[in-house]
Amino acid sequence: MNDQQLLQFYLNMREPEAYQWNLSPRSLYLELETRDFFSRHFEIRDGMKACNIGIGVGEWDDFISYSLHGSGGQLTSVDIDQQICDTFRFRQEREGHTNPSTVICNDILTCELPQVEYDLVTMIGSALHEIGAYTQTFEKISEIMRPGGYFMYMDFDKYHKKEELLALLPKINMEIEHVEEYKRYSSISFYCMKIRKTA
């Protein structure tokens with residue numbers, strides 16, 4: 001990864017189709033509500049260890065890392081795509097991110113993570129849809145969380161109905177604490193959940 005490749009990454013985000021979506025009310029609404037849900041329902045504690053599954057363009061990871069900054073918290077960001085990981089790591093370095101992620105390029109279902117138990121795990125957007133292993137993914141999330149830890153989950157109705165997860169949670173020692181649904185735009189109806197590991 002070098003500056004020229006990073007420049008191409010920025011330019012790709014400004015391609016007409018992508019940029020029109022990024023500037024659209026629907027895109028801004030999705031980002032606003034997801035970040036607002038996190039800000040209202042999750043407390044940042046000193047030394048918190050967090051893990052995000054699925055980096056994408058990395059803006060959610062940036063948001064979580066900045067949220068942890070000042071508390072001594074650290075984020076581990078996991079994605080299976082080598083180019084995504086390399087670009088994200090290099091971008092945070094070149095932008096001078098004040099609390100950069102520890103980037104793990106691997107399959108979340110099989111990889112060993114540096115932190116044994118996380119206080120917070122997040123997974124948003126199409127990450128679960130792209131992983132394609134519904135029950136196994138949530139079992140892994142439960143496995144890497146400490147008892148009493150929290151999971152922030154956001155997904156689209158078109159990918160997975162929230163009722164699927166509500167039925168699964170008791171089997172993996174997790175319980176729902178709060179859920180909000182967002183249906184202002186039917187084409188991107190989605191929901192956010194705050195989930196606690198019980199044991």
Pairs, first farther than 18 Å from ALA127 by Cα in segment 171-199, second surrounded by 11 or more Cβ atoms within 10 Å (Cβ to Cβ) and β-branched (Val, Ile, Thr), C-beta under 6 Å, six or more apart: ASN173/THR198; MET174/ILE195; GLU175/THR198; ILE176/ILE195
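Could you please find all residues in segment 126-140 being in contact with a helix residue (DSSP H, G or I) (Cβ under 8 Å, 6 or more places away or on another chain) and within 22 Å of HIS41 (Cα to Cα)? It would help to see each step written out before you state the result.
Initially, segment 126-140 is screened for residues in contact with a helix residue (DSSP H, G or I) (Cβ under 8 Å, 6 or more places away or on another chain), giving 128, 131, 134-135, 137-139.
Matches in segment 126-140: LEU128, PHE138.
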Can you tell me which of (1) among the aromatic types (Phe, Trp, Tyr); (2) part of a helix (DSSP H, G or I); (3) surrounded by fewer than 16 Cβ atoms within 10 Å (Cβ to Cβ) is the one TYR159 doesn't meet? (2)
Of the residues in segment 164-195 that are among the polar types (S, T, N, Q) and in a loop (DSSP other than H, G, I, E, B), the one that is nearest to TYR150 (Cα to Cα) is ASN173
Take GLN20 and tell me if it is farther than 26 Å from ILE144 by Cα, surrounded by fewer than 12 Cβ atoms within 10 Å (Cβ to Cβ) and not charged (D, E, K, R). yes
So which residues in segment 92-116 are within 18 Å of ILE80 (Cα to Cα), out of contact with any Phe, Trp or Tyr (no Cβ under 9 Å at 6 or more places or on another chain) and among the hydrophobic types (A, V, I, L, M, F, W, C), if there are any at all? ILE104, CYS105, ILE108, LEU109, CYS111, LEU113
Please go through segment 156-179 and give me each residue that is out of contact with any helix residue (DSSP H, G or I) (no Cβ under 6 Å at 6 or more places or on another chain) and closer than 23 Å to SER24 by Cβ, ordered by number. PHE156, ASP157, LYS158
Consider segment 117-132. How many of its residues are in a loop (DSSP other than H, G, I, E, B), under 18 Å from LEU68 (Cβ atoms) and within 14 Å of the chain's Cα centre (by Cα)? 1
Looking only at residues in segment 55-108 that are loosely packed, with under 14 Cβ neighbours inside 10 Å and at positive phi, which one is modelled with the lowest pLDDT? GLY70
Is it the case that THR135 is modelled with pLDDT of 95 or more, over 23 Å from GLN4 (Cα atoms) and over 17 Å from the mean Cα position of the chain (by Cα)? yes
Number of the exception - PRO147 against (1) out of contact with any helix residue (DSSP H, G or I) (no Cβ under 7 Å at 6 or more places or on another chain); (2) of a type outside the set (Ser, Thr, Tyr); (3) farther than 12 Å from LYS197 by Cβ; (4) modelled with pLDDT of 95 or more: (3)
Mind listing whichever residues of segment 36-54 are surrounded by 17 or more Cβ atoms within 10 Å (Cβ to Cβ) and of a type in the set (D, E, K, R)? LYS49
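Just to be sure I understand, how many residues within segment 133-156 are aromatic (Phe, Trp, Tyr) and in a helix (DSSP H, G or I)?
So in segment 133-156, the residues aromatic (Phe, Trp, Tyr) come out as 134, 138, 150-151, 153, 156.
Imposing the further condition that a residue be in a helix (DSSP H, G or I) reduces the set to 134, 138.
Count: 2.
The values are calculated or read from the model by the stated rules, or taken from the named source; none is laboratory data. For clarity, every value in this text was computed on a predicted model and none was experimentally measured. Backbone-built Cβ (ideal geometry, glycine too); neighbour counts: all protein chains shown.
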